[in-house]
There are 6 protein chains.
Amino acid sequence: MTKPARASNPLPISRFPVPKLTDMPPDVRARIEAVQEKSGFIPNVFLVLAHRPDEFRAFMAYHDALMDKEGGLTKAEREMIVVATSAANQCQYCVVAHGAILRIRAKNPLIADQIAINYRKADITPRQRAMLDFAMKVALEAQTIGDDDIKALRRHDFSEEDVWDVGAIAAFFALSNRMANLTGMRPNDEFYKLAR
Amino acid sequence: MTKPARASNPLPISRFPVPKLTDMPPDVRARIEAVQEKSGFIPNVFLVLAHRPDEFRAFMAYHDALMDKEGGLTKAEREMIVVATSAANQCQYCVVAHGAILRIRAKNPLIADQIAINYRKADITPRQRAMLDFAMKVALEAQTIGDDDIKALRRHDFSEEDVWDVGAIAAFFALSNRMANLTGMRPNDEFYKLAR
Amino acid sequence: MTKPARASNPLPISRFPVPKLTDMPPDVRARIEAVQEKSGFIPNVFLVLAHRPDEFRAFMAYHDALMDKEGGLTKAEREMIVVATSAANQCQYCVVAHGAILRIRAKNPLIADQIAINYRKADITPRQRAMLDFAMKVALEAQTIGDDDIKALRRHDFSEEDVWDVGAIAAFFALSNRMANLTGMRPNDEFYKLAR
Amino acid sequence: MTKPARASNPLPISRFPVPKLTDMPPDVRARIEAVQEKSGFIPNVFLVLAHRPDEFRAFMAYHDALMDKEGGLTKAEREMIVVATSAANQCQYCVVAHGAILRIRAKNPLIADQIAINYRKADITPRQRAMLDFAMKVALEAQTIGDDDIKALRRHDFSEEDVWDVGAIAAFFALSNRMANLTGMRPNDEFYKLAR
Amino acid sequence: MTKPARASNPLPISRFPVPKLTDMPPDVRARIEAVQEKSGFIPNVFLVLAHRPDEFRAFMAYHDALMDKEGGLTKAEREMIVVATSAANQCQYCVVAHGAILRIRAKNPLIADQIAINYRKADITPRQRAMLDFAMKVALEAQTIGDDDIKALRRHDFSEEDVWDVGAIAAFFALSNRMANLTGMRPNDEFYKLAR
Amino acid sequence: MTKPARASNPLPISRFPVPKLTDMPPDVRARIEAVQEKSGFIPNVFLVLAHRPDEFRAFMAYHDALMDKEGGLTKAEREMIVVATSAANQCQYCVVAHGAILRIRAKNPLIADQIAINYRKADITPRQRAMLDFAMKVALEAQTIGDDDIKALRRHDFSEEDVWDVGAIAAFFALSNRMANLTGMRPNDEFYKLAR
């Protein structure tokens, strides 16, 4: 057997410079330390994006506005949208990290992998299937969205505000996935095993 | 000749509710009135997104962080990225509105249409062509971005920070284009003719 | 800020030799001078294709047979088909030149850009939308055209002859767009501003 | 075994009306009778397109200008371009009819099927492979044609006029293939067996 | 006219080593000699795959299990599936060899070329059209197969076992086509002319 | 919050009938019981495919010929090919089941998810990257495989036999993925957690 040319070392967490906590603006650092305290580790997205504090702040504000709000979507359903669309965009960070969050929110150790690989074969309700069909259309061919797509969602009892939420989450992770692929953002090892 | 079934009325500016200025939170309203004073009209993106004030604030903060900053890209070049990637996403609002801004910034009445239709045939420098090739890759297949793509940009004398800017602008408008297509955001008539 | 490597000069009107008016066969020259008199300038398509007089004559005869005939499609509708399909083919010459003609024929300064960027969001009638859906199918995946596609058009009150016209215009500009992209045909500056 | 619902009858030669020879304008009829005398049968493309005499005349003039001219491409090579691009467009009429002509011109009973199915695996020279690569690019993504593509052909000793020919043949059959798919043009049974 | 750089020699039957009959394991050799006796020549697929006797045996066993069994599909219909999906995969060997078998089984000299080029325009029954639509979906986007696709086939009077057969044949030739393209498997000259 | 229409029950392991162990032919049953003894559970692929004993036997023989043989590829590398190409085909069963096997073979709890989501960002050697690039080409566009692709692999020190292995594994799982998507094959819950 031919031996591999060299053992492979783990890739770095970003292609771009990553600031130290002590070099960050106080508000950015505070946010990161709060997450660290809650999770037990710092998800790399925080460190990678902290390279640009203004973009970091806007990114986090946008994320929270969509993911932490009240509404007709459960927190697990919001994460389903993230996982399905991030898989379509082949975003390693988002699938691994939000896959873990989805397992936690849904209290289901299988659902994240099912949705990431082929959401059409996942153990979800018809309503959730309609939600993901719409989210995938926003992610992959938003230019074809028409009134009929909206109506199809409404028939599954999504309110007008829910429709905005589904679409806006898919749209926000279109940005997030591209930033992760641009920076080569590496998921923390901790995520892979969470809530399995 | 068969007569069209009915004359066509202009489509509305959004599929979702559009708040009145007087119903908006003061900071949102203030931002909009400042734009109105400067431009002579309110670009519809402000009215459409104001339906969700928290998302509005994050969106505008993100936009300003990328488009109004200093760096190796001119303001015209930033708009070139917006126009090229928004055309690939068939985003009517962004191509029309940012096309107008590009004509103004570049002092060139032809450049926006050239880039929107086929940026490979536009009157741009080889350096700008490399910039748009990279931006299009982020917009359309970010999962394939590798170190070689970064190096290709660096050879055209883009700094590491410039590379982030090019990619981040393409990523941000991946979000913006999807919100416009989701909401059916209509460009103001005023944009079409500006700086022709 | 890094300075662009060099200012960009406008690209030439063709990658191939462009004959002088005085070197053209008399009938080709006469046709071109007639257009010049009517329009005030010579659209570059005439000069670029005159490199091959026999192809020039066949091209113009085909064009006139489809675009100048009577029938159930208005002249503006014929131009809508040209603009929508040429945009899908990213043909700079055809979108810019026929966009101008569409604005003139439709007496509507917005319609050409709307259709070029995303015809699904343009201010058109449902009948025109069906016409463009069919034309785009001919342009992009004619191999899947079936009787059901024809019936869908007929239900919008297009005659059998109209169906041929819609398809044949899309087919002719499949040729035209490819010749423009092959030759690097440059739209005249005059077109950009016409009828805005 | 379940029995097929009904035996299948051959499809008609066109979805649109097909004129009788005696109803055609004299010049159209004369052209068709000349072909019939030479070939022993009337290729259906003549009958199907004769429904529109002006388009018929322009189509045939264009065809002859490209396929019957002198130049650096042999007649067999011109037919190779037709077969390769028509197969990519899934055009039954053009692959079957021009496949037969290619077998005759190349005096090779295998070459047409080889090129239609996968031109990359056909028994052709490297120069012919470069020619077909270029033709396929014109057929399928002409918007990306750049100076480098032209240079690649020139390195294989194609003159500037040959490059035009290769591209123009691919462009003309982009039209022809779409007309055949629009009309449901049926190849004559005679073609299948010719020169096998 | 520029002369081709060199006459083209036929490509070899495989990119990989091809064993001699006398070097093959007895069972492999016996199978091949039986085919040779029946057909009058040895189809290249046997020689090419005999390079790997274990894979050869499994391949042939799989093939026979699907193609020689009883059931609701006629032998001609099984070959239709092979030809349609192999054409979509641009597999020269399978289209040429199974095209010949289809002509024989269907006693129809036209059907193989019709299906290979565009099965939507072939002289087949609506039931066969449904069968090929399903087979193409398995070949090209099996991940989207859902219960509705199965039901559509069942409505055309295919039994549950027939549905498996249609899908499994398409799946098996997904393997076969890739082996042929990997090895550069060349069809025997004899196939081209059989049953024309 | 709107409540989901109904709780979702897990999907069945196959859309087709699944035989009982006691109804299977003795050799099929023996093979399955051997696996069960070794693994502690019966992977569903065995039960689903046992519906067709002849196909079952051919499938397993083919699998073993490729996956259990000696050669220049490690067992982990063979599984990398399975996981990468099965993810591209969105095959839930293969990604989950072979992902588990890959984690075991590579003694690496992260590698399967990394490769499934985006193999370009996985912790692998340049040689393994070249192997997966080739395998993906076989999986997704085998018709474009040329001698240059083979040479690129050879430069990474893969022998001619290794090249066959890489391609043949990708080809075999093209079949396997389609059978899993056709049957709606459900991965066993046990796989998700193995070797994390």
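Cross-link partners for D:Lys20 among the aspartates and glutamates, with Cα-Cα distance under 15 Å and sequence neighbours closer than 8 places in the same chain left out: D:Glu33.
If you take the square roots of the eigenvalues of the alpha-carbon gyration tensor of segment A:96-144 and sort them as a ≥ b ≥ c, do you get rounded (a/c under 1.5), prolate (a/b over b/c) or oblate? Prolate shape, in that a/c is at least 1.5 and a/b is the bigger ratio. Taking Lys and Arg as +1 and Asp and Glu as -1, the other residues whose beta-carbon sits under 10 Å from that of A:Met185 total +3.
Ordering D:Thr183, C:Thr144 by the number of other Cβ atoms within 10 Å of each residue's own Cβ, fewest first, gives C:Thr144, D:Thr183. Across segment B:94-107, rounded Karplus estimates of 3J(HN,Hα) from the backbone phi angles (6.51 cos²θ - 1.76 cosθ + 1.60, θ = phi - 60°) give 5, 5, 6, 6, 6, x, 4, 5, 4, 4, 5, 4, 8, 6 Hz, Gly and Pro being marked x. Amide H contacts of C:His156 (H built 1.01 Å from N, in plane; Pro and chain starts excluded): no residue 5 or more places away or on another chain comes under 5 Å. Sorting C:Val166, F:Val83 by the number of Cβ atoms found within 10 Å of their own Cβ, with the fewest placed first, yields C:Val166, F:Val83. Per-residue ellipticity at 222 nm from helix content only, as computed over chain E with -39500 (n - 2.57) for each DSSP H run of at least four residues, stands at -19500 deg cm²/dmol. Partner aspartates and glutamates whose Cα lies under 16 Å from the Cα of C:Lys69, excluding those fewer than 8 positions away in the same chain, are identified as C:Glu77, C:Glu79, C:Glu160, C:Glu161, C:Asp162, C:Asp165, D:Asp54, D:Glu55. Per residue of F:51-62, other chain Cβ atoms within 10 Å of the residue Cβ number 5 on average. Each copy carries a label point for D:Ala195 at 7 Å from Cα along the beta-carbon vector; from one copy to the others these points are 2.6, 4.7, 5.7, 5.7, 6.6 nm apart, nearest first. Answer rounded, prolate or oblate for segment B:55-108, using the Cα gyration tensor with square roots of eigenvalues a ≥ b ≥ c: rounded when a/c is under 1.5, else prolate when a/b is larger than b/c, else oblate. Here segment B:55-108 falls in the oblate category. Rounded to the nearest whole Hz, the Karplus-based 3J(HN,Hα) values (6.51 cos²θ - 1.76 cosθ + 1.60, θ = phi - 60°) of segment C:139-147 follow the sequence 5, 10, 7, 4, 5, 9, 4, x, 4, with x at glycine and proline.
Closest approach of any chain E Cβ to the axis that rotates E onto D belongs to E:Arg196, 3, distance given in whole Å. Counted by Cβ distance under 14 Å from C:Ala106, the other residues give a net charge of +2, where Lys and Arg count +1 and Asp and Glu count -1. Dividing the mean sequence gap of close Cα pairs (under 8 Å, 6+ apart) by how many residues segment E:71-138 holds gives a relative contact order of 34 percent. Here is how far apart the C:Lys107 label points are across copies: 3.9, 6.6, 6.7, 6.7, 8.2 nm, shortest first, using a point 7 Å from Cα toward Cβ. For A:Ala122, the amide hydrogen comes within under 5 Å of no other amide hydrogen, counting only partners 5 or more places away or on other chains and with H modelled in the peptide plane. Rg of the Cα atoms in segment D:111-196, relative to 2.2 N^0.38 Å, amounts to 1.24. Note: relative contact order over segment C:1-112, using C-alpha pairs below 8 Å and six or more positions apart, is 17 percent. Spin-label pair B:His63-E:Thr74: with each label point 7 Å from Cα along the Cα-Cβ axis, the two points sit 6.4 nm from one another.
Using a cutoff of 8 angstrom between alpha carbon atoms and counting only pairs six or more residues apart, the relative contact order for chain B works out to 30 percent. Both radii come from the Cα set of segment E:23-179: Rg as radius of gyration, Rh as Kirkwood radius; their ratio Rg/Rh reads 0.98. For segment B:1-95, the share of alpha carbon pairs falling in successive 5 Å distance bins from zero is 2, 11, 15, 19, 20, 14, 8, 4, 3, 2, 1, 0 percent. Roughly how far apart, in whole Å, are the Cα centres of segment E:47-71 and segment E:172-188? About 13 Å separates the Cα centre of segment E:47-71 from the one of segment E:172-188. Set the bar at 32 Å for Cα to Cα. Now go through D:Lys137/E:Lys121; D:Lys107/E:Lys75; C:Lys137/E:Lys151; D:Lys121/E:Lys75 and name every pair that lies beyond it. Over 32 Å Cα-Cα: D:Lys107/E:Lys75.
Couplings for segment C:179-192, taken from phi via the Karplus curve 6.51 cos²θ - 1.76 cosθ + 1.60 with θ = phi - 60°, read 5, 5, 6, 5, 8, x, 4, 9, x, 5, 4, 4, 5, 4 Hz in order; Gly and Pro are left as x. Shielding of peptide D:154-161 by partners, expressed as the average count of other chain Cβ atoms within 10 Å per residue Cβ, is 2. Relative to the other identical copies, B:Lys75 shows label-point distances of 4.1, 4.3, 6.5, 6.5, 7.7 nm, where the label point lies 7 Å from Cα along the Cβ direction and values run shortest first. Given a Förster radius of 25 Å and the C-beta distance between B:Ala30 and B:Arg196 as r, what FRET efficiency does 1/(1 + (r/R0)^6) yield to the nearest 0.05? E(calc), rounded to 0.05, equals 0.20. Ordering E:Leu182, C:Leu175, E:Leu21 from the fewest to the most neighbouring beta carbons within 10 Å gives E:Leu21, C:Leu175, E:Leu182.
At q = 0.05, 0.08 Å⁻¹, what base-10 log of I(q)/I(0) does the Debye formula yield for the protein assembly as shown when every alpha carbon is treated as an equal point scatterer in vacuo? Calculated log10 I(q)/I(0) at the listed q: -0.35, -0.96.
Any read-out appearing in this document is the output of simple, stated calculations on the displayed coordinates, not a laboratory observation. Here the structure is a predicted model, which means the values were calculated and not measured. A quick note on method: Cβ atoms are made from the backbone with ideal geometry, for glycine too, and the neighbour counts reach across all protein chains shown.
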